[in-house]
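Some notes on the structure that comes next.
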Amino acid sequence: MIKKYAPVFFTLIWVILLYAIHKTTILFLDWSAIYSNFHYSLETLYTAFGLASLLIIFILIRVKQRNFDQIGMAFMVLITVKMATLYFVFKPVISNREDEMQWERTNFIILFMAFLILETLISAKILKSTEPK
């Protein structure tokens, strides 16, 4: 049972690690003033992205159990749904073209790419395990 859901735990550990690194970088470079003006806090962003990633990985594990051949297609659909959902939720940040929002937009895009890479690597690991269980 634990081995089957290991990718979920692996994702959770990486989300916590990414958050710790990000927060440490902000404190070390003294960017706290910049981040304090953000529309959405760092914790809110990591919670949203982290929960979305955990849900995607959990669904991929369930798809693996039911129809192993559909994992790749399920991943593409889930990533598309995640991207559309997060776009509409965080639209005030993404669509605002003011200069003071540039840091927040950049932060959002970097977080999105980091979580996409994380999900892709974990999904590849799920896909590599050739025996459907």
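The values are calculated or read from the model by the stated rules, or taken from the named source; none is laboratory data. Since this is a predicted model, take the numbers as computed values, not measurements. Counting neighbours? That spans all protein chains shown, and the Cβs are built from the backbone with ideal geometry, glycine included.
Brief remarks follow.
- Qualifying residue in region 87-105 (condition: closer than 24 Å to Phe10 by Cβ and either part of a loop (DSSP other than H, G, I, E, B) or at pLDDT 90 or above (or both)): no
- Matching residues, region 77-111, being hydroxyl-bearing (Ser, Thr, Tyr) and touching a helix residue (DSSP H, G or I) at 6+ places or on another chain (Cβ under 7 Å): Tyr87
- Scan of region 80-133 for residues that are surrounded by 12 or more Cβ atoms within 10 Å (Cβ to Cβ), within 15 Å of the chain's Cα centre (by Cα) and of a type outside the set (A, V, I, L, M), ordered by number: Lys82, Thr85, Tyr87, Phe90, Asn107, Phe108, Phe112, Phe115, Glu119, Thr120, Ser123
- Close pairs from region 1-21: first more than 20 Å from Ile61 (Cβ to Cβ), partner part of a helix (DSSP H, G or I), Cβ under 7 Å, at least 6 apart: Leu18/Ala114; Tyr19/Tyr46
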